[in-house]
Amino acid sequence: MSMSNPASSNSSTQFEEIENRLQIEHLLNAATLSTSALTEKSDVIAGLTQKPKSIQARYFYNDYGSQLFEQICDLPEYYLTRTETGILQECAESIAELTGACELVELGSGSSTKTRILLDAYDQLGHPLRYQSIDVSAGILELSAKALLADYPSLQVHALVSTYELALKQLKPSSLPSRILCFIGSSLGNLKAQECEEFFAQITKALQGGEYFLLGIDLHKSKDVLEAAYNDSQGVTAAFNLNMLNHLNQRFDGNFDLTQFEHLAFYNETQRQIEMHLRSLRPQTATLRALDLTIELAAGETILTEISRKFDLNRLQQELQAQGLKPMHVWTDAKEQFGVLLCRLN
Ligand code: AVI
């Protein structure tokens, strides 16, 4: 006689039910991964052999770096995450009303925490819920998709393990009447002006006429507020910046000595961007054996690790408009520190 445990059969039905509403697709297959590994290597070599030296910001994000970034988002000085969350809480209902029923697509979805504010708004208006999350980290995508599916019983999730570029190239027409493509969290600021223009062009190509683009951006403001946000008193941002060298050591069999560098972040008012650097405390040599690369650094020499651009709302709206993305609505907080823009493709 077989005995079934009601509790476990209950949880396995729940598991099956969640799996039925989840589709995970990997665009980063062996071929794309090996091409991107080759580009990665040549990018690191190019960055560390040019003057001034630089390392791509993506090397912030190994497991420890991602944990540090989560901590940054909660820091008292780092107003960005809190402020954007507050704005989304205020405007989510209007966004859902303006767009009507639509599929929500998110670039760089990560843990999808802020996305819940939008999903709640669509849910409350009784709109069907379809969410396409896009991130390079398969682990985070799967984990957050399952957490969302457990909390939203009518949600369908299509999780795409991919870079933005690949995902935008293969975006299929939405099964719902419309679509909203979200790029929140001020990640646009980490792109150079030229990259930003190319990115908007990719968005325009990926969307159908009448579909929406939602953008969260950090705004130009006083140097003091900005510099405090990237030089926090607990030293979390410094650890985040220095961890990039650890990441390179792990990836490329390197011997950067973290104690011989310091974190440097300042606001370049002319370029309207925060610049993060690692400054060498003495003359030193480091090697990345897997790249067959020796790096010589003078005392005081800096390596650029990130730019974080701070936008002017009027100018950005003109740039979006020039690409065919018509700004429909802009929301800011009371201090006008951060902006959320809803655009529609002509
Ligand atoms: C991911 N990005 C929007 C952050 C920013 O503010 O530019 C990364 C960051 N760098 C230091 N602190 C946070």
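The values are calculated or read from the model by the stated rules, or taken from the named source; none is laboratory data. Since we're looking at a predicted model, the values are computed, not measured. Neighbour counts are summed over all protein chains in view; Cβ atoms, including those assigned to glycine, are modelled from backbone coordinates with ideal geometry. Surface areas here come from the heavy atoms of the whole protein model, side chains and all, with no ligands, DNA or RNA. Shrake-Rupley method; radii C 1.70, N 1.55, O 1.52, S 1.80 Å.
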**Report entry** C-alpha long axis of helix 193-206 to longest principal axis of the chain, angle in °
**Finding:** 20
Report task. Convert 37 °C to kelvin, take the viscosity as 0.692 mPa s, use the Kirkwood radius over C-alpha pairs of the chain as Rh, and evaluate the Stokes-Einstein diffusion coefficient in µm²/s, rounded to a whole number. Result -> 150
Report summary line: Subtracting the Cα-Cα distance of Gln67 and Gln321 from 0.36 nm times their residue separation yields 87.8 nm
Query - Between 0 and 90°, nearest 10: helix 63-73 axis offset from the chain longest Cα axis - result: 80
Requested in this report: Go through Lys51/Lys335; Lys205/Lys310; Lys114/Lys169; Lys192/Lys223; Lys114/Lys192; Lys172/Lys223 and tell me which ones have a Cα-Cα distance over 31 Å in this structure.
Outcome: Lys51/Lys335; Lys172/Lys223
Report task. Quick one: check the C-alpha center-to-center distance for the range 279-346 versus the range 206-226, whole angstrom. Result -> 12
Query raised in the report: Relative contact order for the chain using alpha-carbon pairs under 8 Å, separation at least 6, rounded to a whole percent?
Result: 20
Report summary line: Taking only protein heavy atoms and a 1.4 Å probe, the highest-to-lowest accessible-area order of Lys41, Lys51 is Lys51, Lys41
Query - Extended-chain gain in nm, criterion 0.36 nm per residue less alpha-carbon gap, Gln23 and Gln271 - result: 85.1 nm
Report task. Note the full-extension length gain between Gln284 and Leu98 as 0.36 nm times their separation in residues minus their Cα-Cα distance, in nm to one decimal. Result -> 61.3 nm
Report task. List the residues whose amide H sits under 5 Å from the amide H of Ala159, counting only those 5 or more places along or on another chain, with H placed 1.01 Å from N in the peptide plane. Result -> Gln23, Ile24, Glu25, Ser133
Report task. Keeping all protein chains in position, work out how much accessible area Ser308 exposes to a 1.4 Å probe, and write it in Å² to the nearest 10. Result -> 10
**Report entry** Simple Cβ-charge dipole of the chain, Lys/Arg +1 and Asp/Glu -1, about Cα centre, in debye nearest 20
**Finding:** 640
Requested in this report: Give the angle, between 0 and 90 degrees and rounded to the nearest 10, that separates the Cα long axis of helix 79-99 from the longest principal axis of the Cα atoms of the chain.
Outcome: 30
Query raised in the report: In the chain, what percent of the accessible surface is made up of carbon and sulfur (1.4 Å probe, ligands and nucleic acids excluded)?
Result: 50
**Report entry** In order through the range 14-22: 3J(HN,Hα) via Karplus (6.51 cos²θ - 1.76 cosθ + 1.60), integer Hz, x for Gly, Pro
**Finding:** 4, 4, 4, 5, 5, 4, 5, 9, 10
Requested in this report: Enter the accessible area per residue of the chain (Å², integer; probe 1.4 Å; all protein chains in place).
Outcome: 48
Query - Among Leu48, Pro153, Val340 - extreme Cα towards positive end, dipole of the chain, charges at beta-carbon - result: Leu48
Report summary line: Reduced to Cα centres, the span from the range 175-200 to the range 142-174 in Å works out to 16
**Report entry** Residue order for Phe69, Phe15 - accessible surface, 1.4 angstrom probe, largest first
**Finding:** Phe15, Phe69
**Report entry** Choice from Ala159, Ala150, Ala238 with maximal GNM fluctuation in the chain (Cα, 10 Å cutoff)
**Finding:** Ala150
Report task. Provide the packing ranking of 182-191, 82-91, 248-257, 290-299, i.e. peptides ordered by the mean count of other C-beta atoms within 10 Å per residue, highest first. Result -> 182-191, 82-91, 248-257, 290-299
